[in-house]
Amino acid sequence: MSGFDDSFNAPPAKKSGGWSWLLLGCLGFFVVFGIACCGAGLYFSMNAATLFKNQFAKIIDETDLPEEDKRIMKEEVNRVAEMYDAGEIGFQDLPIIGEEIAKSPLLPLGIIIVLEQKYLNPSGLSEEEKTDGKRTLDRLARGVFEKKISEEEVKQIAEPITTQSGDGSFQPKDKVTDDELREFLNNAKTAVNEKNIPDEDYNINAGEEFRKAINRGIQRVKEGPKEEGS
């Protein structure tokens with residue numbers, strides 16, 4: 001996967017401690033889409049839905065997800081762009097769709113992707129340690145999505161592989177030692193055990209979850225804003 005594409009010109013993301021670098025570091029289309037929806041004015045104000053679709057197609061193709069998931073995701077991105085072109089949704093509606101993606105299990109899936117690809121896979125850990133580490137990351141992602149593990153707890157868990165900048169935000173280290181990675185994985189394993197996160201595969205159908213999130217967002221747009229007290 002390539003780095004985050006600056007051409008989106010999204011506004012700075014709200015700081016969220018240990019979460020912020022995970023969200024920005026995740027190079028999957030779903031995170032980029034959620035961020036882009038909040039700052040997509042550059043593309044859509046210039047009526048560049050075609051560029052929008054092409055850019056996301058490229059991002060999706062760079063993932064290691066199954067081809068069927070990629071196909072579904074491209075269809076959904078195209079659907080949103082085409083609805084915008086047709087005037088069925090407006091610029092102000094895009095963040096609503098982004099919110100639904102952010103609430104889906106796709107972001108925890110992104111955690112797994114970035115941590116495995118950036119740190120675990122290229123590390124010097126044994127195959128047994130890597131296998132156990134992947135299971136631990138599955139459980140961590142599940143714990144985060146189910147809100148059993150808080151953002152503050154994630155920040156503490158990730159301390160061995162992050163650095164704190166002058167403004168108080170946390171950033172991932174470019175490189176981590178095997179000992180730092182082991183410490184992080186041990187922190188994560190302790191946390192998931194304490195929170196009784198099931199020791200089993202955490203499988204997500206990314207394409208279908210993306211489609212569901214888009215559908216929820218579009219439904220919210222059609223229903224319009226809720227009145228106070230409703």
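Just so you know, all these numbers are worked out from the coordinates, no wet-lab data involved. These numbers come from a predicted model, not from an experiment. Glycine also receives a Cβ, built like all others from the backbone with ideal geometry; neighbour counts cover every protein chain displayed.
The table below lists the values:
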{"quantity": "Gain in span if fully extended, residue 203 to residue 219, counting 0.36 nm per residue against the direct Cα distance", "calculated": "3.2 nm"}
{"quantity": "Binned Cα-Cα distances of the range 106-194, short to long, each 10 Å bin given as a whole percent", "calculated": "17, 54, 27, 2"}
{"quantity": "Amide proton proximity set for residue 173, modelled H, under 5 Å, gap of 5+", "calculated": "162, 163"}
{"quantity": "Ordering of 166-172, 180-186, 145-151 by packing [mean C-beta count within 10 Å, highest first]", "calculated": "180-186, 145-151, 166-172"}
{"quantity": "Subset of 134/212; 134/222; 53/148; 147/222; 148/212; 53/189 violating a 31 Å alpha-carbon distance limit", "calculated": "134/222; 53/148; 53/189"}
